[in-house]
Structure formats: structure tokens, C-alpha cells
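Data first, discussion second: the structure below is written as C-alpha cells.
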Amino acid sequence: MGRIYLDNNATTPVRPEVAEALGRMLKGCYGNPSTLYCIGQEAHVEMEHARDVMAGILGCNREEVIFTSGGTESDNIAVLGVARANRKKGNHIITTKIEHHAVLNPCKALEKEGWQVTYLPVDKYGMVNPEDVERSITPGTVLISIMHANNEVGTIQPIAETGKMARARRITFHTDAVQSFGKLSVNVNELGVDLLSASSHKIYGPKGVGLLYVRKGTKILPIMFGGHQERSLRPGTENVPGVVGFGKAAELMAAEGRSEEARLLKLRERLWEGIKANVPHVKLNGHPTARLAGTLNVIFEYVEGESIILSLDEHGICASSGSACTSDALEPSHVLAAMGVPPEKSHGALRMSFGRENTEEDVDKVLEALPKVVEKLRSFSPIYKDFLKQQTA
Amino acid sequence: MAYSEKVMDHFRNPRNVGEMKDPDGVGKVGNPVCGDIMELYIKVKDDTIVDAKFQTLGCGAAIATSSMVTEMVKGQKLEDALKISNSMVAEALGGLPSQKMHCSVLAEEALQSAISDYRNKKGIK
Ligand SMILES: Cc1ncc(COP(=O)(O)O)c(C=O)c1O
Ligand code: FES
């Protein structure tokens, strides 16, 4: 039984060309890029090539690209670093309720240090209203952080609108573009952002490497201290093979342009149409159109997400859920909650996220398995039984 | 986190799943931690549980423990059935991941509640 991997928002399989680049670096290019002799310089050249690729995608200068250990670190440097650098100016941050924990938790940590944080609400599609952002600004606001595309439901925020406003108000603006980098246009000037986080393993690169774009002149302090690497904002010898792999992955994404997006969109819609036609009591989460091409988040009422995932796994299908039962914290998805989905509904949420290895055949196989899985689980479900009784009563 | 083969077996092929016609006792409980729901139905004859069935909305551990507890109570005297604890159910399944232990509480509570429902109906204190 072939595996069908439908969890590309969680992570992606490393592309062969990237694996090749990684292997080449690991085997033959061990120099420390900060050293002057030939092998150090070879590593330096490789790494700087990756930086140029990133600068090209972001539309920025190479000096503005900081390599990090991943999306989480980039988000932490952005939030904590800007807060610390602006302590004299104010103590207020604006973000949203649907951010990844890599943004939410540093904000919570800052609250314990006396910072004020506004967590903006979203509408039922997961969309932030740019007017809410503007209305929340106080004289003490030093940072706005709003994600570009959401990892759970795929909703894409109108970042450029907020960017324009933030620039006019001279407030530092960060976006977590971990899910959109390499997929959507992330030109930092078009988006109007001062900081942008990206991660390699979401675009078929290796895990444990990412980047933070930092606009020249942005007031920011490091959160770790050590050597002078990455403009001292992220000290420590760089993960050179990782950076090179990330660069290769980004280069390949950029070369593909929007054709892959169109293909993923077709697959996603084929799956959604098939689900709607074959499974009763389902609901789509996320924006109908302003949504990542590969993301499909669906609520299957009267069933629980973890049980769907386990059952799909039996059919060789890998997906993810927003159910409380799958999270270690046993809390339902904060994203769905912010969208107004009650806990008993988000219980049955399933996220299927497509990537470059998925085919139409995969979709058809899922459509064969999924209705049976849901039907079986519903047959165990006490609330489905109650629902059916209500129907006939 | 990984489930034992036994948990997966009970999840895949739950024993005694479904509604029971004219049960002698029904236990309906919800897990306050994650919001899952279990219903346990028992048939009792001469103070002995002669049949048990369940319906559960919940995670793999919730379904597997529900299935296991119905197996464990069948043929048990009520007083013995009341001694079945969640950790005994978990143990019978070859253990549960620590963050899933709370799911087995559902099975214990549903059993307690089904037995007291039976006793209430019979007017037994
Ligand atoms: C939106 C978003 N931000 C941040 C992260 C964290 O990235 P990383 O896994 O590289 O630390 C993720 C990935 O899970 C994400 O989806
Ligand atoms: S019953 Fe919900 S986590 Fe197990």
C-alpha cells in the first residue's frame, strides 16, 4: 500500500535536488564560513549564494536576510527582539488570535514582563480586519505581527494593506510567512513589512533552518549572544548545509512560479467536491477564495478528529486535525475557536494539505477511504445517534 | 505518542459497539478535559452484568477503552464490576500514552454511572 501524504503544512518531504545539495555539503564542504582559508571560503560562497536567492525572492538586499534555525526562532527574534529594542518607546504589541504559537507564546512571555498585547479577532473565515489593526494602535505600540497565511485553515491576510498603514504610522511590522514563502509572492516592499519569517521544511527543504528578513534600519536586538554571525542577530556558526539546502529548495520553488499552485488548487477542489458529494454533515473551514492552494480544512460533524486520523492512517493516508484530542494540551484549535467554531464542532476538524508529490490518484483514493471511515466512526457516535433520532422524531 | 497494538486492535475492531435495546442501566458521561462523550449500556441478571454495549465519540484511546471495559464487565457481579478502575482498563490494553490516561477515566465513570442507573431504577441504594 502506497503512502498518501496529505500533511504538507506540517512539513514536506525533502526534494531530491535538495537532498543532493545537502549530501554534497555534508560530504565535501565542512569549512566554517567565518574563516579565511579556502575551505571556509567555499562554505561562505555557498551560503552567500543561498542568501542571494532569498534576497531575490524577497526583493531585498542580501544583508537584510538573517539565517536562523527555523520559523520558531525567526518569530521569536522578531517579537522579542523588536520589543526589547523599543522598550523606551512603548510597551504595546498588536497581533492576532490565530498566530502560530511561535508568535503567540513570545507575546505571552512579554505580557509577564509587563507588556500589553492586543490579540485581534478574526471573522468566520479567519480574516483579520485591517481597520481593527489601525484602531488598536496606541501611542505605545511598537510592533504589529500578523501572519501571512494561516497553517491550519490557509486563510491569506491582506498584509499589504496593513503594511501601508504601519509604514505611515512608523510602526514596525512583522509577518510570519512560514506557510506562504515560496508559494505566494512575498516581496517585502509590496507587502510593506519590516520583518518576515520563513522556514525551510515547509518548502521541501531540510528541517531546522529558516530565515528572518530584517529591513535595514529596523530597531531590533538579539535574543541570543555570541559571535558576530548573521549580523550578531543570530550568533553561532551557521547551519551551512541546511542553509544551502534551503536555498536550493527556494530556488526551485521560485523557478516553478505559479504553475504548481494551480495544480494544487485543482487537487484540493477535486477533494472538496468529492467530500461534499459523498459525506453528509461537513463544513469547510477557512476563506473560500483567499486561501493557500494546498490547504483543505473540513469539519466532519459527530466524529472526533484523532479517530479519523488513526483510521485514515490504516489506509496509508497521513492527515492532521484541529481536535483537542490530538494536541498535548487537550485544547481545541485556537484558530478554529477564534473563527467562532464551537469546541464540539472543531472536535471533528481534519486538515488535509497538499504538496508536490500528490496526484489526482491520491485524491481518488482518499475519496474511497474517507466516506467509509467517517461512516464507521459515526456509527459509534452517541451524538450522531441522538441527531438521527431527532431527525426522525 | 504511539498506541499499543492492543489499543489499535480495539480501535479498529471495537467489541460490543452500538446501541442496546431496553438496557437495564445506562451511563452517559463526558470528558471535561477534551469534550468527548461515552454511553455505556448494561443488561443485568441476578446481580450479574450479562451484556454490555457502548457508543463513544472520542479519540483512539477513548474508543479502545470503551471497547475494553465492555469486555471486562461481561459476566461480572455488579460489586466486582464496580472495582474496575481506569488504570485496570488501560493496563488490559497494554498501557496508554501518559497524556491519554485521562481518556480511560471516561470508561470507569461510564461503568459506575451505568450501574448506579440500574440500581436507581431498581430502587436499590
Ligand atoms: C505559521 C507557522 N509559523 C511558524 C512555524 C514554525 O516553524 P519551524 O517548524 O520551522 O520552527 C510553523 C510551522 O509549524 C508555521 O506553520
Ligand atoms: S477522549 Fe479526548 S483525548 Fe481521549
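Of the residues making up region B:14-72, those that are under 22 Å from B:Ala92 (Cβ atoms), of a type outside the set (A, V, I, L, M, F, W, C) and within 16 Å of ligand 2 (Cβ to nearest atom) are B:Pro14, B:Gly27, B:Asn31, B:Asp36, B:Glu39, B:Gln55, B:Thr56, B:Gly58, B:Gly60, B:Thr65, B:Ser66, B:Ser67.
Of the numbered criteria (1) of a type in the set (Gly, Ala, Ser); (2) out of contact with any Ser or Thr (no Cβ under 6 Å at 6 or more places or on another chain); (3) within 14 Å of another protein chain (Cβ to nearest Cβ), the one A:Ala277 fails is (3).
Criterion first (over 21 Å from A:Leu104 (Cα atoms) and within 14 Å of chain B (Cβ to nearest Cβ)) does A:Phe354 satisfy it?
no
Within region A:370-388, the set of residues being of a type in the set (Phe, Trp, Tyr) and facing chain B (nearest Cβ under 10 Å) comprises A:Phe380, A:Tyr384. Among residues of region A:282-325 being closer than 25 Å to A:Asp386 by Cα and free of Cβ contacts under 8 Å to residues at least 40 places away in the same chain, the one that is farthest from ligand 2 (Cβ to nearest atom) is A:Leu284.
Within region B:41-61, how many residues are touching a Leu at 6+ places or on another chain (Cβ under 6 Å) and within 14 Å of chain A (Cβ to nearest Cβ)?
Here the count works out to 3.
Counting just the residues of region B:90-104 that are of a type outside the set (Gly, Ala, Ser) and closer than 21 Å to A:Thr326 by Cβ, which one comes out nearest to the other protein chains (Cβ to nearest Cβ)? Among those residues, the one meeting the criterion is B:Gln99. Among helices (runs of 4 or more DSSP H) entirely within region B:17-125, having at least 1 residues that are of a type in the set (Lys, Arg) and at pLDDT below 95 singles out B:101-122. Of all the numbered requirements in (1) surrounded by fewer than 17 Cβ atoms within 10 Å (Cβ to Cβ); (2) within 16 Å of ligand 1 (Cβ to nearest atom), A:Arg87 misses one, and that requirement is (2). Among the residues of region A:281-289, none qualifies, meaning not one is surrounded by 23 or more Cβ atoms within 10 Å (Cβ to Cβ), within 16 Å of ligand 1 (Cβ to nearest atom), among the small types (Gly, Ala, Ser) and under 29 Å from B:Leu106 (Cα atoms).
Against the conditions (1) crowded, with 16+ Cβ neighbours inside 10 Å; (2) closer than 30 Å to A:Leu367 by Cβ, A:Glu269 satisfies every one except (1).
If you filter region B:27-40 down to residues that are within 15 Å of B:Met72 (Cβ to Cβ) and touching a Lys or Arg at 6+ places or on another chain (Cβ under 9 Å), you find that the one that is nearest to the other protein chains (Cβ to nearest Cβ) is B:Met38.
Do the conditions hold for A:Glu357, that is, is it touching a residue at least 24 places away in the same chain (Cβ under 8 Å), on the phi < 0 side of the Ramachandran plot, outside any helix (DSSP H, G or I) and of a type outside the set (Lys, Arg)?
Values: touching a residue at least 24 places away in the same chain (Cβ under 8 Å): yes; on the phi < 0 side of the Ramachandran plot: yes; outside any helix (DSSP H, G or I): yes; of a type outside the set (Lys, Arg): yes.
Here the answer is yes, as A:Glu357 does meet what is asked.
Residue count for region A:129-141, restricted to those that are crowded, with 21+ Cβ neighbours inside 10 Å and in contact with a helix residue (DSSP H, G or I) (Cβ under 8 Å, 6 or more places away or on another chain): 1. One residue alone among A:Val117, A:Val79 is in contact with a helix residue (DSSP H, G or I) (Cβ under 7 Å, 6 or more places away or on another chain), among the aliphatic types (A, V, I, L, M) and surrounded by fewer than 21 Cβ atoms within 10 Å (Cβ to Cβ), and that residue is A:Val117. In region A:11-24, the count of residues that are part of a helix (DSSP H, G or I) and more than 27 Å from the chain's Cα centre (by Cα) is one or more. Scanning region B:1-26 for residues that are touching a residue at least 60 places away in the same chain (Cβ under 8 Å), within 11 Å of chain A (Cβ to nearest Cβ) and closer than 15 Å to B:Leu106 by Cβ returns B:Val7, B:Val26. Of the residues making up region A:309-338, those that are among the hydrophobic types (A, V, I, L, M, F, W, C), within 17 Å of A:Gly154 (Cα to Cα) and within 16 Å of ligand 1 (Cβ to nearest atom) are A:Ala319, A:Val335, A:Leu336, A:Ala338. For region A:133-184, taking the residues that are within 13 Å of ligand 1 (Cβ to nearest atom) and acidic (Asp, Glu), the one that is nearest to the other protein chains (Cβ to nearest Cβ) is identified as A:Glu152. The residue pairs whose first member lies in region A:92-104 and is part of a helix (DSSP H, G or I), whose second member is charged (D, E, K, R) and modelled with pLDDT of 95 or more, and whose beta carbons are closer than 8 Å, counting only pairs six or more residues apart or on different chains, are A:Ala102/A:Asp75; A:Ala102/A:Asp176; A:Val103/A:Asp75; A:Val103/A:Asp176.
The values are calculated or read from the model by the stated rules, or taken from the named source; none is laboratory data. Since we're looking at a predicted model, the values are computed, not measured. Because the Cβ atoms are built from the backbone with ideal geometry, glycine has one as well, and the counts that use them run over all protein chains shown.
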